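**Q** The structure is given below, and queries will be raised subsequently.
Every number here is computed from the coordinates shown, using simple stated rules; none is lab data. Predicted, not measured: the structure shown is a model, and the values here were computed from it. Cβ: placed from backbone, ideal geometry, glycine included. Neighbour counts: every protein chain shown.
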Amino acid sequence: MKDLYKVLGVPRNADKKRLKKAYRKLAIKYHPNRNPRNKEYEEKFKEVAKAYGILSKGEKRDLYTQRLAQHESKSKKRGKS
């Protein structure tokens, strides 16, 4: 499971203002119009937009964070990090 907080480069306790600031910075950096014909940046832009779309909405964020914690707990039990 991908850690969307890491995608945006923010801690898990980041408030909406910090999420938005991180999203805007990355969206500008990876925007397809600024990087034409760069598929890697286009995919990164989509990933950043998806992360922000989930983490910026309270209910979705709560559910995602809960599932991420469960996933990490299971991974640690299996000896993976």
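**Q** Pairs only if they're at least six apart or on different chains, beta carbon under 8 angstrom, first in the range 1-18 and farther than 16 Å from residue 63 by Cα, second of a type in the set (Val, Ile, Thr); list them, first residue then second.
**A** Partner pairs satisfying both residue conditions: 7/48; 8/48; 18/10.
**Q** Right, another one. Are there any pairs, at least 6 apart or on different chains, whose C-beta atoms fall under 8 Å, with the first in the range 35-51 and closer than 22 Å to residue 19 by Cβ and the second part of a helix (DSSP H, G or I) and small (Gly, Ala, Ser), and if so, which?
**A** 45/27; 48/27; 49/27
**Q** Tally up the residues in the range 36-81 that are surrounded by 12 or more Cβ atoms within 10 Å (Cβ to Cβ) and not in a helix (DSSP H, G or I), please.
**A** Residues meeting the conditions: 3.
**Q** Just to check your reading of the model, which residue among 32, 11 is out of contact with any Gly (no Cβ under 7 Å at 6 or more places or on another chain), surrounded by 12 or more Cβ atoms within 10 Å (Cβ to Cβ) and outside any helix (DSSP H, G or I)?
**A** That would be 32, the only listed residue that is out of contact with any Gly (no Cβ under 7 Å at 6 or more places or on another chain), surrounded by 12 or more Cβ atoms within 10 Å (Cβ to Cβ) and outside any helix (DSSP H, G or I).
**Q** Confirm whether residue 23 is of a type in the set (Ser, Thr, Tyr) and touching a residue at least 24 places away in the same chain (Cβ under 8 Å).
**A** Here the answer is yes, as residue 23 does meet what is asked.
**Q** Here's something else I'd like to know. Looking only at the range 14-68, filter to residues that are farther than 16 Å from residue 2 by Cβ and polar (S, T, N, Q); which one of those is nearest to the chain's Cα centre (by Cα)?
**A** Here the answer is 56.
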